[in-house]
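Visitor: Okay, handing you the structure first.
The values are calculated or read from the model by the stated rules, or taken from the named source; none is laboratory data. The structure presented is a predicted model; accordingly, all values stated were derived computationally and were not measured. Every residue, glycine among them, receives a Cβ derived from its backbone with ideal geometry; neighbour counts consider all protein chains shown. The protein model used for the area step is the full one, side chains on, heavy atoms only, and it has no ligands, DNA or RNA in it. Shrake-Rupley method; radii C 1.70, N 1.55, O 1.52, S 1.80 Å.
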Amino acid sequence: MKQDKTYKVILSGGGTGGHIYPAVAVAEALERRLGERVELLFVGALGRMEMEKVPALGYRIEGLAVAGLQRRLTLSNLALPFKVAGSIRRAGKIIRGFSADMVVGFGGYASGPVLWSAQRMGIPTLIQEQNSHAGLTNKLLAKKARHICVAYQGMHRYFPAERIVHTGNPLRGTFTAGGLSKEEAAARVGLDPTRPVILVTGGSLGTRTLNEMMKRNIERFAGPGAPQAIWQTGKYYRAETREFMVGKDGSNIWQGAFIDRMDYAYAAADVVISRSGACTVSELCLAAKPVVFVPSPNVAEDHQTKNARALSDRGAALVVPDARAVEEGVDTALHLASDPKEMKRLSEAIYALAIPDSADRIAELIVRTLEEETKKGK
């Protein structure tokens, strides 16, 4: 690689942390590898969380006025074709103005127009598909992508097999098993490391099903010697769950809207009850935690169920459907926590699926592609 060559890379994705933070993890890996020889630009959707989160991490971002298709008939759906057309024009201007050498898409509303525009302009693209079931946009754009980075086996069902690279999902932070001990982690949240700890997490915004599950079973975590819980309620349910706990025995429960250090929460937990978004699944693989997945039914193409089944079919997780979670979720987790042999088996099986250097693998593919383009005289 020419030492004086500065490569310009656009990273596009957003709408949720599951799209934003993998892109940031790859950005950090590129900076580690190339230093000042790489210039990065993020492209996201106006009004979405990336427009705040990405600048807060020190990166420049441009926004597109694009949104997703609503499942019900709404006026916003009628305006969608105009927004898409405008976003494609805007994406082309951003790419030309930045003089991009490559565009990398991580999913989300903005990545489609940016990848499509780049491919029309002959600029190499790479797609990172986080789920076990590929979305329509990625399936269409993969036809002209140089590489398709995936987190699950069997993705040749959706993409050209010769361009698939199994990289895993890039993550920010440290989740690897064997770091912080349960004793240290439990002490940070005021729990007893000698008793079982169940971690219940529905993401930063929260999940009504998992919160209702905890409410229904709250007495099981009360009293001396009872199991313990780390209960992430989520932003939307903070006031509601605080009010619910008034007058109840919460001495065995850490409860909060957010968990700033998920690595501590994983280390303290014996069993996790969780949604099965792509990044959460990858974190749990690295943390090697026995998990009971409760997939959200309110996501595109039911991809959380497909993510969870991809693990459960390999004996690496348990799955309780959302409709049965309130009644069965805690029972399943506590039964698992009382079976050390089964916990060990699940822990080993899920860790076998972990890819700790995912961001570096994707950065390597990007650099290799940039080098190839440079040799061609571009």
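Visitor: What are the ³J(HN,Hα) values, in whole Hz, obtained from phi via the Karplus relation 6.51 cos²θ - 1.76 cosθ + 1.60 with θ = phi - 60°, for each residue of the stretch 140-153 in sequence order, with x given for Gly and Pro?
Guide: 5, 6, 5, 4, 10, 7, 6, 9, 10, 8, 10, 9, 10, 6
Visitor: With r as the distance between the Cβ atoms of ASP4 and ARG324 and R0 = 51 Å, compute the FRET efficiency 1/(1 + (r/R0)^6) and round to 0.05. Please list the in-between numbers first.
Guide: Details: r = 61 Å, r/R0 = 1.19.
The pair ARG324/ASP4 has a calculated efficiency of 0.25.
Visitor: Please sort 208-214, 141-147, 267-273 by packing, taking for each peptide the average over its residues of neighbouring beta carbons within 10 angstrom, highest first.
Guide: On the way: 208-214: 22.0, 141-147: 18.7, 267-273: 25.3.
Answer by packing, highest mean first, reads 267-273, 208-214, 141-147.
Visitor: Now a separate question. Might you report the magnitude of the Cβ-based charge dipole of the stretch 152-205 about its Cα centre, with Lys and Arg at +1 and Asp and Glu at -1, to the nearest 20 debye?
Guide: On the way: 6 positive and 4 negative charges, 34 e Å.
That gives the stretch 152-205 a dipole magnitude of about 160 debye.
Visitor: Which pairs, out of LYS306/LYS375; LYS235/LYS306; LYS248/LYS341; LYS8/LYS53; LYS8/LYS139, put more than 29 Å between their alpha-carbon atoms? Mind dumping the intermediate values first?
Guide: Details: LYS306/LYS375 41 Å; LYS235/LYS306 26 Å; LYS248/LYS341 33 Å; LYS8/LYS53 21 Å; LYS8/LYS139 25 Å.
Those over the limit are LYS306/LYS375; LYS248/LYS341.
Visitor: Roughly what % antiparallel, to the nearest 5, for the DSSP beta bridges in the chain? All intermediate terms of the calculation are to be shown ahead of the outcome.
Guide: Numbers: 0 of 42 bridges.
That works out to approximately 0 percent antiparallel.
Visitor: Could you order SER358, SER312 so the one with the most accessible surface comes first? Probe is 1.4 Å. Display every interim value, and only then the final one.
Guide: Details: SER358 0, SER312 30 Å².
These residues rank, largest area first, as SER312, SER358.
Visitor: Sticking with this structure for a sec: First compute the accessible area of the chain with a 1.4 Å probe, then give the percent of it belonging to carbon and sulfur atoms. Write down the numbers at each step before the final one.
Guide: Working: 8830 of 17300 Å².
Whole-percent figure for carbon plus sulfur exposure: 51.
Visitor: Another question, then. What base-10 log of the normalised intensity I(q)/I(0) is obtained for the chain from the Debye formula, alpha carbons as equal point scatterers, at q = 0.12 Å⁻¹?
Guide: Results for the chain at q = 0.12 Å⁻¹ read -0.92.
Visitor: Output wanted: per-residue J couplings in Hz (rounded whole) for the stretch 27-43, from phi through Karplus 6.51 cos²θ - 1.76 cosθ + 1.60, θ = phi - 60°, x for Gly and Pro.
Guide: Running phi through 6.51 cos²θ - 1.76 cosθ + 1.60 with θ = phi - 60° gives 4, 5, 5, 5, 5, 4, 7, 9, x, 6, 8, 9, 10, 10, 9, 8, 10 Hz.
Visitor: For a quick check: with amide H placed at 1.01 Å from N, whose amide H comes under 5 Å from VAL43's, ignoring anything fewer than 5 positions away on the same chain?
Guide: It is LEU11, SER12, GLY13, GLU62, by chain and number.
Visitor: Provide the per residue accessible area, probe 1.4 Å, for the stretch 246-292, rounded to a whole number of square angstrom.
Guide: Numbers: 1480 Å² over 47 residues.
Computed with neighbouring chains in place, this is 31 Å² per residue.
Visitor: Which ³J(HN,Hα) values, rounded to whole Hz and listed in residue order, are derived for the stretch 208-214 from phi using the Karplus coefficients 6.51, -1.76 and 1.60 in 6.51 cos²θ - 1.76 cosθ + 1.60 with θ = phi - 60°, glycine and proline given as x?
Guide: Calculated HN-Hα couplings, in order: 4, 4, 5, 5, 5, 4, 5 Hz.
Visitor: How big is the dipole moment of the chain about its Cα centre under a simple scheme where the beta carbon of each Lys and Arg is +1, that of each Asp and Glu is -1, and everything else is neutral? Debye, nearest 20, please. If you can, show how the numbers build up before the last one.
Guide: Values: 50 positive and 39 negative charges, 311 e Å.
For the chain, the charge dipole is close to 1500 debye.
Visitor: Is it possible to state the helix-based mean residue ellipticity at 222 nm for the chain, with each DSSP H run of 4+ residues giving -39500 (n - 2.57), the sum divided by total residues, to the nearest 500 deg cm²/dmol? What is it? Don't skip to the end; give the middle numbers.
Guide: On the way: 14 runs with 162 residues, N = 378.
Helices in the chain give a 222 nm mean residue ellipticity of -13000 deg cm²/dmol.
Visitor: For the stretch 140-273, with the dipole built from +1 on Lys and Arg beta-carbon atoms and -1 on Asp and Glu ones, taken about the Cα centre, which of ALA161, PRO224, GLY206 lies farthest toward the positive end?
Guide: After comparing all options, I get ALA161.
Visitor: Sticking with this one: So, in Å, what gap is there between the alpha-carbon centers of the stretch 332-375 and the stretch 227-297?
Guide: Cα centroid of the stretch 332-375 versus Cα centroid of the stretch 227-297: 21 Å apart.
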